[in-house]
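Scroll down for the structure; my scribbles are underneath it.
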There are 2 protein chains.
Amino acid sequence: MEFSEWYSEILEKAGIYDLRYPIKGCGVYLPYGFKIRRYSFEILRKLLDDTNHDETLFPMLIPENLLAKEGEHIKGFEDEVYWVTHGGKSPLEIKLALRPTSETTMYYMMKQWIKVHTDLPMKLYQVVNTFRYETKHTRPLIRLREIMSFKEAHTAHSTQDDCNKQIKEAIEIYGKFFDEICIPVIISKRPEWDKFPGADYTMAFDTIFPDGKTMQIGTVHNLGQNFAKTFELEFETPDGNKDYAYQTCYGISDRAIASLIAIHGDEKGLVIPIDVAPIQIVLIPLLFKGKEEIVIEKIKELSKILKTKYRVHVDDRDIRPGRKYNDWEIKGVPLRIEIGPRDIEEGKAVIVRRDNGQKMTVEAFNILNEVEKTFEDYKASLLQKATEKLEKYITVIENDKKDLLLLSEKVKFALSESKGIILVPYIESIYNEEFEGLIDASVLGLTTYNGKEYISIARTY
Amino acid sequence: MEFSEWYSEILEKAGIYDLRYPIKGCGVYLPYGFKIRRYSFEILRKLLDDTNHDETLFPMLIPENLLAKEGEHIKGFEDEVYWVTHGGKSPLEIKLALRPTSETTMYYMMKQWIKVHTDLPMKLYQVVNTFRYETKHTRPLIRLREIMSFKEAHTAHSTQDDCNKQIKEAIEIYGKFFDEICIPVIISKRPEWDKFPGADYTMAFDTIFPDGKTMQIGTVHNLGQNFAKTFELEFETPDGNKDYAYQTCYGISDRAIASLIAIHGDEKGLVIPIDVAPIQIVLIPLLFKGKEEIVIEKIKELSKILKTKYRVHVDDRDIRPGRKYNDWEIKGVPLRIEIGPRDIEEGKAVIVRRDNGQKMTVEAFNILNEVEKTFEDYKASLLQKATEKLEKYITVIENDKKDLLLLSEKVKFALSESKGIILVPYIESIYNEEFEGLIDASVLGLTTYNGKEYISIARTY
């Protein structure tokens with residue numbers, strides 16, 4: 001089955017996201033999908049809270065003149081902004097944009113709050129919906145008109161040095177986050193012509209989807225003083241002078257959810273990383289006539305023990321166990337525990353891992369330890385497996401001769417043969433949009449890989 | 001100080017909400033305010049999750065023809081809907097509304113999901129932003145154009161009886177929620193002319209603000225089969241027939257946050273209920289020259305113990321203790337603990353309650369128990385104090401004579417004398433909009449008070 005078909009199907013079958021809404025690119029997070037989103041963003045929230053970011057909530061509407069204040073920025077967004085023009089039946093005096101992102105909103109307010117260097121650093125974030133009038137083909141959780149979950153962080157600092165350190169911290173936080181959801185990433189410095197509109201430079205996190213195309217799943221922007229000058233974020237320095245704030249911003253969206261679905265899933269359905277699984281363990285009683293009660297009792301007992309540490313569900317539906325296995329495999333529940341009368345006699349329980357199908361008989365009394373051990377291994381091996389898949393999609397092209405046309409042919413050939421990311425050792429003469437035009441693919445940017453600097457190239461989502 | 005002035009000032013001074021945004025009725029939840037919101041809605045989420053409600057996320061935009069599908073409903077909202085008419089520079093083929101509420105969105109999707117009685121009950125909720133183009137005077141967290149936090153639940157059932165039971169459950173859940181944030185409420189059945197557009201009837205939760213005006217802080221609507229018929233939510237009954245789903249919906253917004261600020265606060269600042277306090281305990285070292293270290297050590301030790309159960313902050317700023325007390329009183333931190341060298345010698349700690357200023361010297365080794373005991377009492381007495389304030393604002397008018405004009409004069413007099421809620425024993429002849437016109441106030445509806453049925457009347461926000 002083609003990946004894109006598999007992806008659409010699993011969103012529906014596992015109850016993640018329903019796109020049958022009468023606006024293209026707008027859909028519904030279903031209960032099971034919403035829980036994955038909730039646990040994922042909770043991890044991100046915790047990482048941000050632990051590094052002294054403050055959660056906030058800013059307005060969704062942006063007056064036209066505010067959005068247009070930063071020239072480069074508005075140029076980057078104006079073709080895809082939704083405009084509110086009427087309230088009730090009356091035309092509004094000034095058009096209001098649905099936020100495509102919140103730089104202008106937040107920096108307008110920061111101007112009210114930042115007066116002196118002791119007001120800095122200021123590290124804010126919010127998790128909100130944002131909007132893009134996408135004219136391209138939309139895809140659920142990947143390219144949406146309503147991005148339902150956008151975690152955007154915005155910081156302001158009193159020195160360039162602090163600002164640079166913040167970029168490092170942001171990259172570290174995102175690295176940890178993607179580790180938690182077992183998604184391997186390639187970090188690149190985006191080329192000038194593809195950086196965030198208004199930024200000094202952009203660092204981006206890409207991963208590779210099963211179809212070999214890359215997906216940008218996180219970005220970190222060094223804004224320097226560009227926005228600060230436009231929004232007059234001037235403050236008094238320790239020595240009594242004036243300076244403009246140095247700023248960064250960084251974001252992660254629903255694409256993180258799309259990635260963990262796409263990258264870990266298999267032909268049976270989802271495979272969910274432990275920490276974001278709505279149900280971490282499903283208990284399935286194997287009932288035999290006359291011995292139902294003892295099994296049900298045992299299941300209750302184990303469930304109670306396991307619930308002290310995990311999200312547990314007991315599937316006591318009156319259907320065949322095989323159908324139950326199937327249902328929970330589709331939903332990607334990390335661990336299934338089966339208990340029948342013989343297991344109870346022997347003091348055993350059978351545990352089955354979703355990621356590799358491994359079936360183990362363990363001592364029932366020791367169930368908590370067994371699960372803990374299994375989950376540790378599950379998590380590590382999920383990331384490892386995903387990393388191996390990603391590595392297979394990376395092709396390094398040696399580039400001794402500097403014949404551009406030949407090189408572009410080599411890149412195109414490699415892309416069509418191997419897909420994924422093609423790495424070409426950095427040479428200045430090819431690092432431009434003209435070369436990008438030749439290869440019919442995207443230049444992701446400058447990427448350090450195994451200690452060496454490359455230009456990274458891929459077909460992207 | 002007038003209440004409205006106090007309210008505006010405290011939002012700013014305590015760091016709750018900043019309204020200096022260039023769109024009327026749109027503002028920013030500041031970090032401290034956001035945390036109160038977060039903990040408050042977490043309580044609500046837990047109550048809903050525990051009663052088998054599923055959290056979801058539906059689109060924010062509603063096509064005009066979808067919003068207009070239910071005739072009564074759109075009539076109730078059309079004057080205050082924001083309309084998106086353009087994407088980029090292109091006019092949209094069909095106008096899109098910013099959701100004023102999500103009945104139409106959700107029921108359109110429920111139609112896809114509900115086929116047979118076993119698909120029911122369906123109990124969904126979401127916490128989202130909603131929009132009203134308010135032409136009235138806006139007030140922070142009370143009357144907003146962007147309602148930043150709207151918890152809306154929507155349920156569908158296979159029988160009228162289940163639907164009625166759901167109304168009871170919803171009222172119970174909301175009752176528990178308001179108890180948790182120590183807000184006393186009066187529950188009324190809204191009059192026909194003030195029910196939710198499209199509902200069979202509306203039950204509403206009102207509280208009374210310090211200025212004697214009532215504030216609607218929660219509503220529960222029995223929709224019967226009205227929307228179900230419009231949205232064709234038809235399902236197969238157990239006996240193979242067809243029926244339309246029976247529906248309810250209920251909502252709570254930022255007004256819950258406004259209430260807990262308004263009702264518990266005093267001349268010194270906020271008084272926050274324990275469970276939603278961003279900081280539950282602030283520790284303040286009393287430093288004397290030469291004895292700093294021992295105090296700092298003790299504070300660290302206590303903080304570590306207290307953090308196992310509470311949200312704790314150590315204020316080690318280099319300013320006078322008096323200023324610290326003042327700052328944390330403004331922010332409404334429930335408990336302050338002061339430790340000086342003499343306290344340490346004596347094995348004591350001084351704890352000071354924010355709600356009543358009570359100062360107690362307790363055994364330091366027993367600090368966790370002391371705090372727990374104090375918090376129990378704090379919570380009970382916060383609700384009790386608020387309830388007493390509310391009761392003082394309730395005036396029962398005896399109504400033996402049925403002279404409408406005389407009665408309306410009595411009501412008007414009582415309102416101007418006592419403010420708050422005026423209760424008039426129910427008689428059919430006055431329960432109409434004409435009478436409401438006479439009294440220059442709002443009929444809240446039918447209210448059971450001390451076991452008797454009244455018509456409740458008030459000046460409302």
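Here A:Ile181 clears all of (1) within 14 Å of another protein chain (Cβ to nearest Cβ); (2) buried (at least 24 other Cβ atoms within 10 Å of the Cβ); (3) within 30 Å of A:Val271 (Cα to Cα); (4) not charged (D, E, K, R) except the condition numbered (1). For beta carbons closer than 6 Å, sequence separation of 6+ or different chains, a first residue in segment B:11-23 that is at the interface with chain A (Cβ under 7 Å from one of its Cβ atoms) and a second that is open to solvent by 10 Å² or more (accessible area, probe 1.4 Å), the qualifying pairs are B:Asp18/B:Leu30; B:Arg20/A:Gln112. A single entry from B:Asp243, B:Asp206, B:Asp239 fulfils the requirement of being of a type outside the set (Phe, Trp, Tyr), assigned to a strand (DSSP E or B) and more than 26 Å from the chain's Cα centre (by Cα): B:Asp243. Remark: B:Lys46 matches the filter, which requires a residue to be closer than 29 Å to A:His313 by Cα and among the basic types (Lys, Arg). For A:Ile114, the test of being open to solvent by less than 30 Å² (accessible area, probe 1.4 Å), more than 11 Å from chain B (Cβ to nearest Cβ) and more than 29 Å from the chain's Cα centre (by Cα) is passed. Scanning segment A:75-85 for residues that are open to solvent by 60 Å² or more (accessible area, probe 1.4 Å) and within 8 Å of another protein chain (Cβ to nearest Cβ) turns up A:Glu78, A:Asp79.
Taken together, the criteria exclude B:Ile217 from residues that are hydrophobic (A, V, I, L, M, F, W, C) and open to solvent by 10 Å² or more (accessible area, probe 1.4 Å). Might you check whether a residue that is at the interface with chain B (Cβ under 10 Å from one of its Cβ atoms) and among the charged types (D, E, K, R) occurs anywhere in segment A:90-108? Looking through segment A:90-108, at least one residue is at the interface with chain B (Cβ under 10 Å from one of its Cβ atoms) and among the charged types (D, E, K, R).
Residue count for segment B:278-328, restricted to those that are open to solvent by 40 Å² or more (accessible area, probe 1.4 Å) and in a loop (DSSP other than H, G, I, E, B): 13. The number of residues in segment A:120-152 that are within 13 Å of another protein chain (Cβ to nearest Cβ), touching a residue at least 24 places away in the same chain (Cβ under 8 Å) and in contact with a strand residue (DSSP E or B) (Cβ under 9 Å, 6 or more places away or on another chain) comes to 23.
Scanning segment B:33-60 for residues that are at the interface with chain A (Cβ under 8 Å from one of its Cβ atoms) and in contact with a Ser or Thr (Cβ under 9 Å, 6 or more places away or on another chain), which turns out most open to solvent (accessible area, probe 1.4 Å)? This residue is B:Arg37. Consider segment B:61-74 and keep the residues that are facing chain A (nearest Cβ under 9 Å) and surrounded by 20 or more Cβ atoms within 10 Å (Cβ to Cβ). The one that is nearest to B:Leu92 (Cα to Cα) is B:Pro63.
The values are calculated or read from the model by the stated rules, or taken from the named source; none is laboratory data. This structure is a prediction, so every number in the text was calculated from the model and none was measured. Note that we place each Cβ from the backbone using ideal geometry, even for glycine, and neighbour counts take in every protein chain shown. Side chains are part of the model used for accessible areas, which takes the heavy atoms of the whole protein and leaves out ligands, DNA and RNA. Shrake-Rupley method; radii C 1.70, N 1.55, O 1.52, S 1.80 Å.
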